[in-house]
Structures are given as structure tokens and as C-alpha cells.
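Quick notes on the structure that follows.
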Amino acid sequence: MFWKILLLTLFGGILASNEESYVEELLISRLPSDHHLAQFRFIITSRSLELGPNYELFPRVLGQLLQAHGIQELEYIATQGVWHSDHYGPPPQPASSTGAFLSAKFDGPSNTVDDRWLSVVNSLNGAFCASLLSMVPAETYKQKNERKGDYPKAKKLFSRAGTLPREALCTENLTPWRKLLPCKQNGLISLLNPHKLYGSLFHSMGFHIHPECKDNSCWYRLELSAIVLFDVPISENRRLDWSLKSFFDRPISGVCNAATRSTVLVHQHEEQADSDKPADVITINGQQFAVYPTEQILGEKTEGNIFVRYTKSVDLHKKNPPRALSISSTLGGKDTFSGLLLTTIKNNENEKHTVVYEQVLPWWVRFHYHTKQVLCHDSKQEIVKPYVANRVFSGAIDRKRPAYIQMEIELPANSKCIVSYNFERAFLRMAEYPPDANHGLYIPAATITLMKRISTGLPEDSRCTERLGNSSECEPRAKQMVFSNVLLVPMPVPDFSMPFNVICLVGTAVSLCFGAVHPFSTRILVPINEKLPGQSIWRTIFRGILLVLMAGACYMEYNNISLNALRREIEKLLSFQF
Amino acid sequence: MLRRRGTRNTGHEEQSELETTYYADAEGPNLTETLQSENETDEIYDATQTFGGPYSFFGRNCSYIAIAILCRVAAVLLFHNFLISQPEWTSPLVSIKNLRDGVILERESLTSAAGNLIRMLPSVIFFFNKVIDVSSFPLLIIFHIFFDIVTAYLLSKAAFKIQGDSTVAQIVAKCFLLNPLAIGSCACLNLTTFHNALLATVVYFFAQGSAMLSSFFLGLATVSQMFPVTLIASIWIQFSDWKQIIKSIIGFTAGVSLYLGINYVLSGNTWGFASNIYGFMVNYEDLKPNCGLFWYFYSQVFEHFRTFYEYVFLANSFLYVLPLTLALRSDPVLHLTLSLLLLVTLSPYPTLGDAAIYMALLPLQQRHFKSLRYSLLIACTITTCVCLMPIMWHMWVVSGSGNANFYFAVTLIYNVAQLYILLDLLMAYFRAEVTEVIPEEITEGTNFVLH
């Protein structure tokens, strides 16, 4: 029996090492703005495009999801915080705007795509404890971007994507994400301390699955990524020196045996003075990176921690010139009904850039297409009309889909371009308002995708660090995307305490109409020359009583007597009599 | 040819007084009353022959037309931006903003992907794309003023045909030309002016005695607004013999199928526009406030009752056809006026300008004016409500010092006031009818009771 088990495990182990693979790495770099960026990447590749029934490293949850829904590509990212790209540089990819982003590409029959998408959103919503469900159908759109993975043959794929501008991230979202990894406790994942993660300036986590092909064989590549941006510490000595412990509040614990490679890469900054001795120093795209395998970090000397010291302390008053491209959105308008949506795209580079501008507007933003305007202020502050091409537009359908606008804009060098729309807010049904209706609703962020990359000097693609040799050049595959801020839109609200009153009042008005027409068409008008019963003595008396009561009410109002006081008076009077 | 029950001319003293004033005012040589008797027992006289004479709309009203044009130009230059930002003056179905969107999307050939951004008929968009450029402001102003004058002309001519009295015709023209609601609607550059002109054409041919043509134009109006279909009842009362009704059905069918066909072809052989316009009206998708009854109702009503009320109120807007037809079968003009009133009150997305057309026809009921009980109250209420609407809107949406109830209250009262016109006119009409039948029973202190 024992031998059988041993053989089985050995056999399984050999299969795994040959077929499925798992790589984990952490890249720590210092940004030009003196912030430190930590990028975790966990890469799992499957045996082939046929997943299951046995899963060794590839997470069963996602594998079954892909198989059951005919998904070719799946991407989910949840982000908190805003990446100021003119300050920090282009955002690390994969990126999303604040909130959650989910996109899937389906093959198979087109008529079931919407049902499958709903089912995927439902499953992921449960799997990640997120609130993705509100994405279907009102926030779902069809992405017009090209596919990211390789495909064995030209397949017709159907794309669905959704963004949620307001999605709180918490440990309950981190735990299921962590569970997708083969090693849940050991290795680099042990660094992801929720306290530090959620206290950071900007963090995002997500995964991306897509097929990858090489030499006629294809497999799924699952890349789980977590990005943390740490704030500049303003301690007394103003030093930026760091160690893994100072960042994450804990050292690395244990080695993940399932990983074929587990490394920490540290970007060699020019001001770096001292650090733990790396196992190797490699050069990627002209930048040097120190390589620390996890086994080495766990060694006796470092005990799961590495440090870096810099020569100078940080200059808090240093002003960096704005870099790269940035995009930000603002809301105009003076009332809660009509408004103006302004998106400012700044090109801080000395060359012109062509970007693809994308904006998803929920259906309750009824924007006026004829007011759409793209204007640029060039480096001489003159207003120029930029070259706009490849416009894609799909209008919103109430409660079913958002409006989607995409266009290619050529930004002149050192320019500021403004994309603007006028819009009116829709008036929602009472049940459609969020519980805190006066807070407003969120519009997803506008996105620009750069046609030509702006180099960050970092290996932005996990493929760049795969070989870990002195690979001098590496062109990342993913397009660089920059996101604006999400916008909070105050909505005009009805009075939420009114439903019964309104139903009664409108019903009364309608019955007034009916009451006017119906009797005249069913009865005849009769002239009566006697006194009507309405003019009898009893009615006069009744009217007199009503008049007295009204006079009494006026008197009470005038003398500030409350109804309760009156009641008490009357009771006193009655009890006195009895 | 206009048919009337003869009873109206005889009997009541004041009635005949009114008639004499007609004689005095009417121009033309032929003042003799020719009574004809047909197979029916009613006596019938021919109004055209009785009071017929040249009535020159432009000759009589040139100063008012000039004032009307001046008012409209001034309003459009001064208040256009203010008025189009006000919800009671526009609706997605007629707003110039949506029209501009539609035209731009058409030019960029994005109409098929537009979702529900466009709530206009393809033919309207085609017209403003190819014939009148929607981006040219002066051209639009001229177009709308032209249509308003056409409306006034048609209504006035119709009034002359019906009453045979140029004074009434002039009052009708004035009522439309100088009505602030019509001026405001024109200043918004809404499609309402176009819709009003269509309805005025219906009224014109209705008065001219052409069942076919009036039904044809009613068909066009039905395609553009859906709810005017109820007016067919008025036409059937007016032209009540079978030959005319068949003609009217042919005309209506021709109008509907022709206009729908044009739109079908222009939208690239699809019915997409139908759900975007008619579905939109029936399902009450847009809860943007307007001067109608139902916007606040549908934003407040409980979800599980929504469909029920949608059907109830849809049925309600067609409900009054039969009872009104039965009750007013002897007075097609009053029936037409009240149907137009109900159309405005009960339609899902009314604008203030819609009301101008039935208000202009009210002088035709001149003979009932003295027995109206609430005329002053109604006039004051409507004026007050129209003035209060922008204030309440400002308080709710701009300054935030009020809430939605304020605006709702004003629109509700505005509609109730309109319904009181209906109620009052009905009462006056039946009172007059009773007075005609038994004039000896009626004294100063007589009460009228529905039995």
C-alpha cells in the first residue's frame, strides 16, 4: 500500500513538473515620485486547453468555470485608490479603474452568450464575495478592444465586459483570491498582509486567464497579480530605506514547493547604497534588477527579510515635472438634472501620442450626442481640433445596457485635450435608488489605451522576467491603459415617503376625469324647481357645527393650544363632572 | 357641409340673442336661413350657406400675425435656453436636443447602434437632416413660426366654417397666435408645433366636411403621437352615414400605412423605431418630470403594481371614447375639443404647448360660456400653475430648497384644472340641452340634478 501511494505521488509529481507549472515573483521598485511599488505575480499554466478532470496546480474553481461556460479569456481586477499617472508614471498592468472590472470572451453559440455571462458573473460574485451582480445587465457592454491571448485557430469570440465604479475591497475578497494559488500559506503569498495591503495608497488584485500557444501546442495561462503602492514615509530621518518587514509587517515564511521559481526582484535605484547580497543581477531593457530566490531570503542570515538602504534622505519639496499621459474627469453643471462631463487628457510627453479613448456611461446618464466635443490646447496654449478616428458608439438602453463610446484621438505633444458631453440625468424608479439616494451614483472612469508604450523601465510583462537571463530587450504584450477617476453624480431624488400619497392623488385626478364623463353618459340631467335635499335645515345645522369647529381650530392655532392640551382639558372637564 | 340638430336654434331666448349677433357680424350677402329636411327627423341647416362669406385670415389678422411673429422671435432669442432646460416644455419625443442627437447620429450612420437615444420617427430625422438643417438656428425658427401660423390659419378657417362667424374665427386665431403656451412651445423649437399643425389640419378638414382627408391627416398624427387615434370618434360623429365612415376608415388606414411605410423604409426596413416610440409611450420608461399626470406616479408606484397600472392608465386614455361619443353625439365640435383636451391630459409625455390647440378651439363653445361655473377659477389656476412650474423646479432641482412634491403638486393642479374645463363644458352643454328641450321648466332658481 505504502509503495503504491509513493509511486502515485511520484508519478503525479513528475506529471506536474512536466505539464502544469507555477511561478511566483515579487517585483519591488522605486517610482520617480519616490513611492515604492510592489507587484506580485503568480503564474499558473495548464497542461492543455482541455482542463480537468484532474487539477493539480490550476485552480479547479476557474477551470470548471471556463469549461462550463465556453470562456476563452477571463479577466477580473478589483482596485482601490487612484493611480496618478502624471505623478507616478504609467500604471502597472494589468490595471483597472477604481472599483471592479470583469471581462470575458466566449466562443460557442451567440444566442446563449448573455445567459452564460450572467452565470459567470453569478459564479464569480459568489467565489469572490463581491457585489458584481449589479453589473448585469445594466452595466454590461461589449468591448471593442482586440483579444489579448493567442488562439490556435481564428475563432469568433463574443466579448462581454462590465465595470463597477464602486466596489469596496476587503479581506473577504482577498481570501478567495489567495485560495486560487497552489501554496496558500508558504512562499511569497505569506507577505500579503491585509492590514498593510488595505492601508496602502493604491492596491489592486485580480487575475487574467487566456490561451497561449507555442509550437502547435496550446494551454491556458493564468496570471494572478496583486499591486501595492506604498506611501512615502514621513519619519524624522526622512529615509526611504525599506525591508520586506517594513512594507508587509511580516517576513516571508516557508518555501512553496509547487513553484518552479519563486523570486523577489528589486529594481536597482541609482541612490541605492546598501542591500542584502543578491544571488544575481540581471538587466532588462537597460534596467538592473537584483534577484533574490525565496530559498536564499529564508536563509539564516536574512530570515525571510531583505533590506535596501539609500544614500540620500527623501526631499519632500522636490517637484517632479508631470510625466507620461494622464486623464481625469470632472463634473460640471449647476443643478442635479443637467450636467457636463469633462474628461481632460494631458500629454506631458514631447511627442504626439495616439490614444484610444473609451467611456462607459450608465443608462441613467442620458448624454446628448450632438454636444460631444474634443478640443486640444497645444503647447502654445492655442486651441486645435485633434485628429479623431475609428469612432465606435453604442447608445444606452434603459435598464439594459450602458452607452459605450470609443474613439482614437491623436494628442499633440505637450497638450491638454478635453472631451466633453452635456447630459441629463434620468429620473429613476424609487426601488432603483441606492439606500443612500442623496449620496448619488457613480460613473465608471474613462480610459485611454496608448497605441505606443511609454517606457516605465520596469518589466511590465511577466514574460520579461521568465528567462531571468540577461535578456536585454523585452516588449510587453499588454497595452498600456490609463484610467481617470470615477465620478460621483448627485441625482435628483423624489420624496421617498410619498408612494401612498402620490398613488391616492393621481388616482383622485384620474377618477375626477372619469367621474366627469361617466355620469353624463349614463344619466340624464333633470331640472328640479323644488328645494334640493342639500338645502334642508339639517344640512344647514351640520354646516353650522362644522363652522364652529373650524372657528375653534383657528382659535387654538392662534393661542398655540395643542390638540393634546385640549383633550386633557376635556378629560378633566368630564372627570370633574362624573 | 355641417349638420346640426335644429333644436339648438329654437327655444331659449339668450340662445337666439346670440344667433342675432351672428347675423349682425357675418359678412356676405346670403343671410337667409335655408332649412332642409332629410330622412331623419331632425331639422338641419347648412351653416356654410347661412353665414358663408369671404373670410380672409391674413387680411383680418395681419396685425396679430405680426405681433405673434414678433413675440415668437423675441421669445426664441431671449428664452430658448431657459425653456428647453425646463421639463414641462419639452419631452424626449419632441425635444430639439433629442432631434439634434438623432440627426447627428444619422449623419454618422450610427442610428442602428443608438440604443434608445432617439425617440423620433425616422421621417422626422430625415426631414431635419436633408430638408431643414437642424444645426441652422434661423431656419428652425422660421420653420416653427411658419407652422404656428399655418396652425392658426387652419384653426381659424375651421372655426369660420363651423360657426360661420368671422369674429369667432378671429378669436380662435388670436387664441392660438397670442397664447403664451403656443409662443413658449415655439420658442423651445419643439416638434410640438409640427404636431399641432397636423392636428389643426385634422380639425380643418373636419370642418370642411372631408371625412377622407381629415381621417388621412389623423392617420399621420396617430403615427407621430399614437394617442390622437381617439379623435376618429369625433370624425365618425360628424360624418355619421356609412359611406362617409367607410371613406374615413379608408383615409385613416391610408394615412397610417403611408406614414408608417415611409418610416419603415427610411429606417432601413426595420421596425426598431416602433418600440423606441410606441413602446416608450406605453411602458412609461422615462420618468423625467413633465406637465402630465403620471411621471411621479410611476416613479413612486410599487414595483409589483407597475405593469397593472401601466395597462390601467393605457386603457384609461382610450376609455373615454365611447361614453363621450354616446353623450355628445349631437355636437361633434364639442366632442372634438374635449377629445383634444383629454389627449393632452392623459397622454404620457405631454408638453405645455400641446394644450394650445384645444384652448384655441374653446371660443367655439361661446354659447356655453355664460353657464360655465369655474371659468375664472380655471383660468387663474392654469396661469398660476404654468408660472409656478419653473419656480418649483428651481426649488427642487437647482437650489435644493424644495422637493419633488412641490413640482408634482403644481403639475397635478394644472391637470385637475384642465379636467375641470371638461367637467364644466359637459355640464354647460347638458344644461343647454335640457333648456332647449323643456324651456318652460327652467327658471332662475332651477337646480340641475343627474338622475
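The values are calculated or read from the model by the stated rules, or taken from the named source; none is laboratory data. Everything numeric here is computed off the predicted structure, so don't read it as measured data. Cβ sites come from the backbone with ideal geometry, for glycine too, and all protein chains shown count toward neighbours. Ligands, DNA and RNA are stripped out before the accessible areas are found, and what is left, the full protein with its side chains, is counted by its heavy atoms. Shrake-Rupley method; radii C 1.70, N 1.55, O 1.52, S 1.80 Å.
In a residue-by-residue description of region B:408-417, the property of being without any contact (Cβ under 8 Å) to a residue 40 or more places away in the chain, outside any loop (DSSP other than H, G, I, E, B), closer than 20 Å to A:Leu512 by Cβ and not assigned by TED's automatic domain parsing to the domain that holds B:Tyr298 applies to no position. Exactly one residue out of A:Val526, A:Val502, A:Val548 is under 30 Å from B:Leu341 (Cα atoms), free of Cβ contacts under 8 Å to residues at least 40 places away in the same chain and part of a helix (DSSP H, G or I): that is A:Val502.
Conditions tested, residue by residue: (1) within 14 Å of chain A (Cβ to nearest Cβ); (2) within 24 Å of A:Ala426 (Cα to Cα).
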position: B:His368; (1), (2): yes, no
position: B:Thr383; (1), (2): no, no
position: B:Met395; (1), (2): yes, yes
position: B:Gly402; (1), (2): yes, yes
position: B:Asn415; (1), (2): yes, yes
position: B:Leu426; (1), (2): yes, no
position: B:Glu436; (1), (2): yes, no
position: B:Pro439; (1), (2): yes, no
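Taking the numbered list (1) under 22 Å from B:Ser339 (Cα atoms); (2) open to solvent by 30 Å² or more (accessible area, probe 1.4 Å); (3) away from chain A (no Cβ under 11 Å) in turn, B:Leu388 passes all entries but (1). If you go through region B:230-268 and pick out every residue that is open to solvent by 40 Å² or more (accessible area, probe 1.4 Å) and not in a helix (DSSP H, G or I), you end up with 3.
Scanning region A:318-331 for residues being open to solvent by less than 50 Å² (accessible area, probe 1.4 Å) and touching a helix residue (DSSP H, G or I) at 6+ places or on another chain (Cβ under 8 Å) gives a total of 4. Within the option set B:Thr111, B:Thr90, being at pLDDT 90 or above, among the hydroxyl-bearing types (Ser, Thr, Tyr), closer than 28 Å to A:Val360 by Cβ and in contact with a helix residue (DSSP H, G or I) (Cβ under 8 Å, 6 or more places away or on another chain) holds for one residue only, B:Thr90. For region B:350-371, the criterion of a residue being more than 24 Å from B:Pro323 (Cα to Cα), in contact with a helix residue (DSSP H, G or I) (Cβ under 8 Å, 6 or more places away or on another chain), open to solvent by 10 Å² or more (accessible area, probe 1.4 Å) and part of a helix (DSSP H, G or I) is satisfied by at least one position. Which members of region B:152-183 meet the condition of being charged (D, E, K, R) and open to solvent by less than 20 Å² (accessible area, probe 1.4 Å)? Within region B:152-183, B:Asp165 is the sole residue that qualifies.
Count of region A:214-257 residues, restricted to those that are open to solvent by less than 40 Å² (accessible area, probe 1.4 Å) and in a loop (DSSP other than H, G, I, E, B), is 5. Filter region B:379-407 down to residues that are among the small types (Gly, Ala, Ser) and part of a loop (DSSP other than H, G, I, E, B) and give me whichever is nearest to B:Leu362 (Cα to Cα). Going through the qualifying residues, I end up with B:Gly402.
Residues considered: B:Phe128, B:Phe143. Of these, the only one that is assigned to a helix (DSSP H, G or I), without any contact (Cβ under 8 Å) to a residue 12 or more places away in the chain and under 28 Å from B:Leu258 (Cβ atoms) is B:Phe143. For region A:495-521, taking the residues that are open to solvent by 40 Å² or more (accessible area, probe 1.4 Å) and at the interface with another protein chain (Cβ under 7 Å from one of its Cβ atoms), the one that is nearest to B:Val437 (Cα to Cα) is identified as A:His518.
Looking across A:Lys184, A:Lys155, one residue alone is surrounded by fewer than 21 Cβ atoms within 10 Å (Cβ to Cβ), in contact with an Asp or Glu (Cβ under 7 Å, 6 or more places away or on another chain) and assigned to a loop (DSSP other than H, G, I, E, B). It is A:Lys155.
Do we have any residue at all in region A:455-467 that's modelled with pLDDT under 90, more than 21 Å from A:Ser85 (Cβ to Cβ) and touching a helix residue (DSSP H, G or I) at 6+ places or on another chain (Cβ under 9 Å)? Looking through region A:455-467, none of the residues is modelled with pLDDT under 90, more than 21 Å from A:Ser85 (Cβ to Cβ) and touching a helix residue (DSSP H, G or I) at 6+ places or on another chain (Cβ under 9 Å). All of A:Ile524, A:Ile528 fail the test of being β-branched (Val, Ile, Thr), open to solvent by less than 80 Å² (accessible area, probe 1.4 Å) and within 14 Å of chain B (Cβ to nearest Cβ), apart from A:Ile528. Listed by position, the strands (runs of 3 or more DSSP E) contained in region A:332-425 that have at least 3 residues being over 25 Å from the mean Cα position of the chain (by Cα), surrounded by fewer than 19 Cβ atoms within 10 Å (Cβ to Cβ) and more than 8 Å from chain B (Cβ to nearest Cβ) are A:365-377, A:387-394. Of all residues in region B:281-311, those satisfying the criterion of being more than 9 Å from chain A (Cβ to nearest Cβ), assigned to a helix (DSSP H, G or I) and open to solvent by less than 60 Å² (accessible area, probe 1.4 Å) are B:Met281, B:Val282, B:Glu310.
Every residue, every condition in (1) away from chain A (no Cβ under 14 Å); (2) more than 23 Å from the chain's Cα centre (by Cα); (3) more than 15 Å from B:Ile125 (Cβ to Cβ), yes or no:
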| residue | (1), (2), (3) |
| --- | --- |
| B:Ile249 | yes, no, yes |
| B:Phe252 | yes, no, yes |
| B:Ser257 | yes, no, yes |
| B:Thr270 | yes, yes, no |
| B:Phe273 | no, yes, no |
| B:Gly279 | no, no, yes |
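Any residue in region B:328-343 that is among the acidic types (Asp, Glu), in contact (Cβ under 8 Å) with a residue 12 or more places away in the chain and surrounded by 24 or more Cβ atoms within 10 Å (Cβ to Cβ)? No; the residues of region B:328-343 include none that is among the acidic types (Asp, Glu), in contact (Cβ under 8 Å) with a residue 12 or more places away in the chain and surrounded by 24 or more Cβ atoms within 10 Å (Cβ to Cβ).
Would it be correct to say that B:Asn81 is under 30 Å from B:Phe273 (Cβ atoms) and modelled with pLDDT under 90? No: the conditions fail for B:Asn81.
For (1) at pLDDT below 90; (2) under 18 Å from A:Leu325 (Cβ atoms), each residue gets a yes or a no:
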residue: A:Tyr357; (1), (2): no, yes
residue: A:Trp363; (1), (2): no, no
residue: A:Ser379; (1), (2): yes, yes
residue: A:Val392; (1), (2): yes, no
residue: A:Lys400; (1), (2): yes, no
residue: A:Met407; (1), (2): no, yes
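Among the residues of region A:25-42, those that are aliphatic (A, V, I, L, M) and open to solvent by less than 10 Å² (accessible area, probe 1.4 Å) comprise A:Leu26, A:Leu27, A:Ile28, A:Leu37, A:Ala38.
Per this entry, B:Phe82 is counted among residues that are within 13 Å of another protein chain (Cβ to nearest Cβ) and open to solvent by 50 Å² or more (accessible area, probe 1.4 Å).
Apart from one condition, B:Pro87 fits all of (1) more than 13 Å from chain A (Cβ to nearest Cβ); (2) under 30 Å from A:Lys334 (Cα atoms); (3) crowded, with 18+ Cβ neighbours inside 10 Å; the exception is (1).
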